[in-house]
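J.: Have a look at this one.
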Amino acid sequence: MAVQYRGAQHKSDDLPEWAYRLVKLGKAFVSTKHTGLDDVIVLLVPTRAFASVFLAAGIVLGEMLERIVSYEEHFDWLCSLAPGTEIQRPNANAEKPKIRAVVVKTEEEDQRRLLTLRDLAGKGKDKNLRKLSLNPLVVNWLPKHAYVPPLNSTAHLLARHVVAEEETWFISTANEPSVTIVGERKTLIAEVNTPLIEGPTNPEHRSLDSLLLVNEHQYQQTLRRVRFESRRRRESEVNQFEGERLVIFDGGRAFLNRSREHSNVNRVIVMEYGDQDLTEVVDQLHQFWADRVDQEEEIHIKLPSPPRGCELAHFQVRHS
């Protein structure tokens, strides 16, 4: 069932302020109106642990979270879906699988708008037709791969910062990844699967796994929200993902080894402090793109301030 989360249901946050700052930064960056140039963010952090995955969580929420304020709007949205789109709703018998159907058409009947669906049974065989009319129960019909985070799960705690109390919402899943992270794949997967909060008994609900869809099983499928790549991967083995728009490089080595393989995309470079100075790092990157960066052009981008102890810079690069 599609759940309507309201403020009174929220428990106190179990995640530190710096985590939410990273989530908000990821959401703001992906939500920015880009000008046709490649936007580059350099973020210096005291430690890279969890930084990239929280940024990715913000990107997924900013790009794939659907908000619907009424069942009338939800019905309008269902009627706008292309014929053949698969949707589903929970079965009245919770032990049985969800009811699956495909959109057939929208029509007017007795001055009412009706949405015709064809139920799918068994191995995809047609079963029968059903017609939906405008009523509060239509909110139970969601895309095939929609995700409604359980109350007080990690995904829910993160999403509540971008969703109004009165809104019904869910997270959709595209067949293309929302963001690619280049780094130490084993370390990143471990961070995604680490329980981050207390509460829900299912470890998956306490981690970022169900939000980002990057566990070992999902990684073998075309269905995922985030794609991981190794910083050591050779260029000859890489096929740039069609439609790719944003890449997070988890560390300076990942950027140096793989940045040329990800051209014409928006980039976030996460680097540990160490002995690094933000001005020096940005100067080095400007030299890296010497013929593609206009250092005199002022860049105005609405981004939240980074967490305390971090530094952030933003500039733009012309396509090569």
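The values are calculated or read from the model by the stated rules, or taken from the named source; none is laboratory data. What you are looking at is a predicted structure, and each value in this text was computed from that prediction instead of being measured. All Cβ positions, even for glycine, are placed from backbone atoms using ideal geometry, and neighbour counts span all protein chains on display. Just so you know, the surface numbers come from the protein's heavy atoms only, side chains and all, with ligands and any DNA or RNA stripped out. Shrake-Rupley method; radii C 1.70, N 1.55, O 1.52, S 1.80 Å.
J.: Starting from the amide H of Ile99, placed 1.01 Å from N in the peptide plane, find each other amide H under 5 Å away whose residue is 5 or more places distant or on another chain.
T.: Amide H neighbours of Ile99, under 5 Å, 5+ apart: Arg89, Asn91.
J.: Using a 1.4 angstrom probe on heavy atoms only, work out the carbon and sulfur share of the accessible area of region 71-200 in %.
T.: 49
J.: Quick one: what are the phi-derived ³J(HN,Hα) couplings along region 72-83, Karplus 6.51/-1.76/1.60 with θ = phi - 60°, whole Hz, x for glycine and proline?
T.: With the stated coefficients, region 72-83 comes to 5, 5, 5, 5, 4, 5, 4, 5, 7, 5, 5, x Hz.
J.: Region 19-71: Rg/Rh from Cα coordinates, Kirkwood Rh?
T.: 1.07
J.: Now for a different question. Which peptide among 146-152, 200-206 comes first, and what is the full order, when sorted by highest mean count of other Cβ atoms within 10 Å?
T.: For the peptides 146-152, 200-206, the packing ranking is 146-152, 200-206.
J.: Quick one: if you stick a label point 7 Å off each Cα along the C-beta vector at Glu261 and Ser80, how many nm between them?
T.: Rounded to a tenth, the inter-label distance reads 3.8 nm.
J.: Same structure again: Order these peptides, 56-64, 40-48, 177-185, 282-290, by their mean beta-carbon neighbour count within 10 angstrom, highest first.
T.: 56-64, 177-185, 40-48, 282-290
J.: Using a 1.4 angstrom probe, figure out how much accessible area region 84-206 has per residue, in square angstrom, rounded to the nearest whole.
T.: Value for region 84-206: 53 Å² per residue.
J.: Which of rounded, prolate, oblate describes region 34-130, given a ≥ b ≥ c as roots of the alpha-carbon gyration tensor eigenvalues and a/c under 1.5 marking rounded, otherwise prolate only if a/b is larger than b/c?
T.: Taking the square roots of the gyration eigenvalues as a ≥ b ≥ c, region 34-130 is prolate.
J.: Now for a different question. Of Lys24/Lys96; Lys27/Lys144; Lys27/Lys105, which pairs sit farther than 31 Å apart, going by alpha carbon to alpha carbon?
T.: Checking Cα-Cα distances, Lys24/Lys96; Lys27/Lys105 exceed 31 Å.
J.: I've got another one for you. Enumerate the calculated ³J(HN,Hα) couplings along region 132-147 in order (Karplus 6.51 cos²θ - 1.76 cosθ + 1.60, θ = phi - 60°), each rounded to whole Hz, writing x wherever the residue is Gly or Pro.
T.: In residue order, the calculated couplings are 9, 10, 5, 6, x, 6, 5, 5, 6, 8, 9, x, 3, 10, 5, 10 Hz.
J.: Hey, another quick one. Extending each Cα 7 Å along its Cβ direction at Glu95 and Gln276, get the distance between those two points in nm, one decimal.
T.: 5.5
J.: Residue separation times 0.36 nm, minus the C-alpha to C-alpha distance between Leu151 and Thr106: what's the value?
T.: Length difference between fully extended and current span is 12.8 nm.
J.: Work out from phi, with θ = phi - 60° and the Karplus expression 6.51 cos²θ - 1.76 cosθ + 1.60, the ³J(HN,Hα) of each residue of region 188-205, listed in order in whole Hz, and give x for Gly and Pro.
T.: My calculation for region 188-205 gives 5, 5, 4, 5, 5, 9, 6, x, 9, 9, 9, x, x, 6, 6, x, 4, 7 Hz in order.
J.: Quick one: length gained pulling Ser31 to Thr194 fully straight, 0.36 nm per residue minus the C-alpha distance?
T.: My answer for the length gained is 56.0 nm.
J.: How big is the gap, in Å, between the Cα center of region 247-278 and the Cα center of region 149-214?
T.: 23
J.: Please give the charge dipole size of region 35-185, origin at the Cα centre, charges +1 on K and R Cβ atoms and -1 on D and E Cβ atoms. Round to the nearest 20 debye.
T.: The calculated dipole for region 35-185 is roughly 840 debye.
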